[in-house]
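Here's the structure, in structure tokens; my notes come after.
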Amino acid sequence: MTYYVRKVRKESVRTKNGSTHEHIVGVVTTSNSYYTNKEVVDSIAASSDWFTDVEGEPKATIRPLRFCPAADCLHQPYLTTDADRSRRNNLENLPRG
């Protein structure tokens with residue numbers, strides 16, 4: 001199955017050293033369905049494909065990371081997009097929904 005993401009949901013989290021930053025905790029697809037990060041990771045593990053969908057931009061592949069790449073942050077699972085020429089199609093830059 002293939003899913004296309006247009007929006008994200010974020011929450012502020014506190015790291016081990018006391019600083020805070022935002023994390024994506026779930027995504028909203030083009031069919032307006034909400035999925036948590038864990039549901040996306042489980043779906044990818046079951047061979048589904050996930051992409052961002054931004055008008056006028058290439059589709060960016062969504063993939064899981066075990067933990068947030070920020071220092072002292074253990075948020076998991078973490079979602080990211082494969083790097084390409086566009087920043088607009090990155091998960092972090094999608095509108096909130």
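Each value in this text was obtained by applying a stated rule to the coordinates, not by laboratory testing. It should be emphasised that the depicted structure is a prediction, and the values quoted were computed from it without experimental measurement. Glycine also receives a Cβ, built like all others from the backbone with ideal geometry; neighbour counts cover every protein chain displayed.
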Between ARG14 and SER47, what FRET efficiency follows from the Cβ-Cβ distance if R0 is 41 Å, with the result rounded to 0.05? 0.75
Can you give me the long-range amide H partners of CYS68? Hydrogens built in the peptide plane at 1.01 Å from N, cutoff under 5 Å, separation of 5 or more residues or another chain. HIS75
From the phi angles alone, apply the Karplus equation (6.51, -1.76, 1.60; θ = phi - 60°) to the range 72-83 and give each ³J(HN,Hα) in whole Hz, x where the residue is Gly or Pro. 6, 10, 10, 4, 8, x, 10, 10, 9, 10, 5, 5
Global form of the range 21-95, assessed from the alpha-carbon gyration tensor, a/c cut-off 1.5: oblate
Sorted by chain and then number, the residues having a modelled amide H within less than 5 Å of the amide H of ASP49, at least 5 places away or on another chain, are THR2, TYR3
Mind listing the long-range amide H neighbours of VAL25? Cut-off is under 5 Å, sequence gap 5 or more, other chains count too, H placed in the peptide plane at 1.01 Å from N. ARG9, LYS10, GLU11
Karplus couplings for the range 41-51 from phi (6.51 cos²θ - 1.76 cosθ + 1.60, θ = phi - 60°), rounded to Hz, Gly and Pro as x? 4, 4, 5, 5, 5, 8, 6, 7, 10, 10, 9
Inter-site label distance for HIS21 and ALA83 at 7 Å from Cα along Cβ, in nm: 1.6 nm
